[in-house]
1. Label residue 140 and residue 128 with points 7 Å out from Cα along Cα→Cβ: what is the distance between them in nm?
2. Give me the percent of DSSP beta bridges within the range 115-225 that run antiparallel, rounded to the nearest 5.
3. Given a cut-off of under 8 Å on Cα pairs at least six residues apart, what relative contact order in percent is computed for the range 138-212?
4. Using Cβ contacts closer than 10 Å as the measure, can you line up 223, 166, 209 from fewest to most?
5. Return the FRET efficiency for the residue pair residue 218, residue 172: r is the Cβ-Cβ distance, R0 is 35 Å, and the value is rounded to the nearest 0.05.
6. With unit charges on the beta carbon (Lys/Arg positive, Asp/Glu negative), name the residue among 146, 92, 131 whose Cα is farthest towards the positive pole of the charge dipole of the range 83-225.
7. Starting from the Cα gyration tensor of the range 65-221, take the square roots of the eigenvalues, sort them a ≥ b ≥ c, and report rounded, prolate or oblate (rounded when a/c is under 1.5, otherwise prolate if a/b is larger than b/c, else oblate).
8. Please turn the phi angles of the range 159-169 into ³J(HN,Hα) values with the Karplus equation 6.51 cos²θ - 1.76 cosθ + 1.60 (θ = phi - 60°), one per residue in order, whole Hz, x for glycine and proline.
Amino acid sequence: MNKKIIAFIVGAVVIAVGCIGFFVISSNNNKTESNNNSNTNTTENENSNETQEENTNDNDNNNGTTNDKKVAIIYFSATGTTEKVAGYIKEVTDGDLIEIVPKDEYTSADLNYNNNNNNSRSTKEQNDSSARPEIKNTINTDHYDVIFLGYPIWWGDAPRIILTFLDSHNLDGKTVIPFCTSGGSGISSSVSYFKSHYKNVNFEDGATLNNGEAAVKNWVKGLNY
């Protein structure tokens, strides 16, 4: 065979092999690049999902900011009725339950509403606007944002020991939510007094709670404090 023809054939084969190699390498590079892009997109999607989950968790933690406030349920209860209501409020708010304990406990005679001579201790106190029965225990209200303040109604008003508490604690700027138990009169008279005499305290209108556990808990859940 002519040497020129052989050289031509060899050259053609070399060129063909080179072209095939180029296409194979180019194809592999494209596949690698495609896979890298796919992995990058997957990683970005996973990071995006993680960010969304973190944002969701943050939103969950920020929901109901009232629940993040420090709550106390401070109450006076001479017969245990108001104490029971205070316990229901604690179950809803998870607040600290604090009793106002009188230095001199009230006896059944002290609470005798039917004393014909108006001579019972509670009657005398309620008839004396300056009466401030002494509190036995120390109550620190400094770190509370919201205070539920509970008491029975005596002769249409809050017991004077509640005024002892209010006079001896600085509640300025705090939210105070009164609640009472009563055999007759409601809470409005006592709340009106609070609002007019402690003007730097944010008193809510409060409620008379005589209708059992479910009613108490529903009332608390409906509050916006």
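1. 3.3
2. Just about 10 percent of them are antiparallel.
3. The value is 34 percent.
4. The fewest-first ordering by Cβ neighbours comes to 223, 166, 209.
5. It comes to 0.70.
6. 131
7. Prolate, since a/c reaches 1.5 and a/b exceeds b/c.
8. Rounded to whole hertz, the list is x, 4, 5, 5, 5, 4, 4, 5, 5, 9, 9.
Rule-based calculations on the coordinates, nothing more; no lab input. The model shown is predicted, which means the values in this text are computed figures rather than measured ones. Note: ideal-geometry Cβ built from the backbone for every residue, glycine included; neighbour counts use all protein chains shown.
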